[in-house]
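What follows is a set of notes on a single structure, which appears directly below.
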Amino acid sequence: MATSSSLNAIKHITVVGGGLMGSGIAQVAAQSGNRVTLVDISPDVLKKSQDSIQKSLGRVAKKLYKDNPTEGEKLVKTALASIEVSTDLQAAVKTTDLVIEAIVENLEAKHKLFASIDDVAPASTIFASNTSSLSIGEIASVTKRKDRFGGLHFFNPVPVMKLLEVIRIPETSDETYNTLMEWGKAIGKTCITCKDTPGFVVNRLLVPYMSEAVRLLERGDASARDIDIAMKLGAGYPMGPIELADYVGHDTTKSILDGWHKKFPDNPVFKPTETLNKLVKEENWVLKQEKDSISITSS
Ligand code: NAI
């Protein structure tokens, strides 16, 4: 299934973090012909990742090869055989072409990780982070390879979502950037390019949009149901902003907003909302759509 010359440059990738995003990234890369090492600190997580990758590959194979189950089985088998799992990051990066970090959204943890592999990975290896909200430049600052550093921001679920945001920091070389763009295309994504701005393109627009919808609700300007219907039928969005906020998870949205607000206190669109703070405190609570006023109900 390899489609582009970039798979000549990138043959082996190491995905660090075997959670939701890391396992998706490992899957799409393996499906496209990369050899993949998926690394996590937890062997249990890696076992779960392998199971979820297998199931997800099964779904892909069924869709792609509806009338040819033998080919479908081959795809699953080949992709699974291309993925090895490991808890030994240092060993994994020794011969890798690209490291994609998808661990917890915490700058210190990401610094620790990249600092620990900078002297171990070959000089030619490109480092990338899948961070949603942190600065790629700040993450890269602990390495001596800023020219071979970039952002690769995937979307959940990775095997389904077509977009890949490729982020350049000022130091990213043209060669690194072109390799990342080509690799993104080769794994079947549509790539867009973006500077290292908070939230890149999608989250920079989406996060303030969701919190502005919550502010409408807080002021009692409209009900949750009406806000969602308005944006679906009036703007053609597949999901309303309140529904979307529940889907993304209020803890995720709050932690992104809190981080940006701390860094850019004068930007009003990054200001956290009271309702969001309350929702996060009261775990498993969701914004409900039926009522006319703010309605926070246990899920
Ligand atoms: P997750 O919590 O599902 O997975 C994180 C994994 O990293 C865990 O399995 C954990 O054991 C592992 N981990 C933590 N520290 C590690 C270390 N030092 N070395 C190796 N493994 C380590 O998180 P998720 O949702 O997959 O997110 C990962 C990254 O992707 C975050 O930076 C997040 O902001 C970003 N992201 C998340 C999206 C989402 O929709 N969840 C979308 C796009 C980006």
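All of the numbers you see were taken from the coordinates with simple rules; none came from a lab. The structure presented is a predicted model; accordingly, all values stated were derived computationally and were not measured. As a convention, Cβ positions derive from the backbone with ideal geometry for all residues, glycine included, and neighbour counts pool all protein chains shown.
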Problem - Between region 109-162 and region 184-225, the alpha-carbon center distance in angstrom - result: 22
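Mean 1/r over all different Cα pairs, inverted: what Kirkwood radius does region 57-146 give, in Å?
One decimal place: 15.3 Å for the Kirkwood radius.
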Problem - Dipole magnitude of region 7-195 about its Cα centre (Cβ charges: Lys, Arg +1; Asp, Glu -1), debye to nearest 20 - result: 560
Exercise for the section: Using only the alpha carbons of region 203-292, determine the length spanned along each of the three principal axes and report them from longest to shortest in whole angstroms. Expected result: 35, 27, 22
Problem - Mean residue ellipticity (222 nm) of the chain, computed from DSSP H runs ≥ 4 via -39,500 (n - 2.57), nearest 500 - result: -14000 deg cm²/dmol
Fill in the blank from the handout: Of PHE127, PHE264, PHE200, the most mobile residue in a GNM of the chain (C-alpha springs, cutoff 10 Å) is PHE264
Exercise for the section: Subtract the Cα-Cα distance of VAL202 and LEU80 from 0.36 nm times their separation in residues, and report this length gain in nm to one decimal. Expected result: 40.8 nm
Exercise for the section: Take the Cα radius of gyration of the chain and divide it by 2.2 N^0.38 Å, with N its residue count; two decimals is plenty. Expected result: 1.06
Handout entry: Residue with peak Gaussian network fluctuation, the chain [Cα springs, cutoff 10 Å], from ASP119, ASP266, ASP196
Key = ASP266
Practice task
Output the pairs from LYS74/LYS94; LYS11/LYS62; LYS94/LYS146; LYS47/LYS77 with a Cα-Cα distance over 22 Å in this structure; if there are none, say none.
Solution key: LYS74/LYS94; LYS11/LYS62
Handout entry: Residue among THR253, ALA224, LEU46 farthest towards the positive dipole end of the chain, charges placed on Cβ
Key = LEU46
Problem - Fewest-first sequence of ASP226, ASP88 by Cβ atoms within 10 Å of each Cβ - result: ASP88, ASP226
Practice task
Find how much the distance from LYS94 to ILE41 grows on full extension, using 0.36 nm per residue of separation minus their present alpha carbon separation; answer in nm with one decimal.
Solution key: 17.3 nm
Problem - Total formal charge among the other residues, if their Cβ is under 12 angstrom from that of LEU46, Lys/Arg +1 and Asp/Glu -1 - result: -3
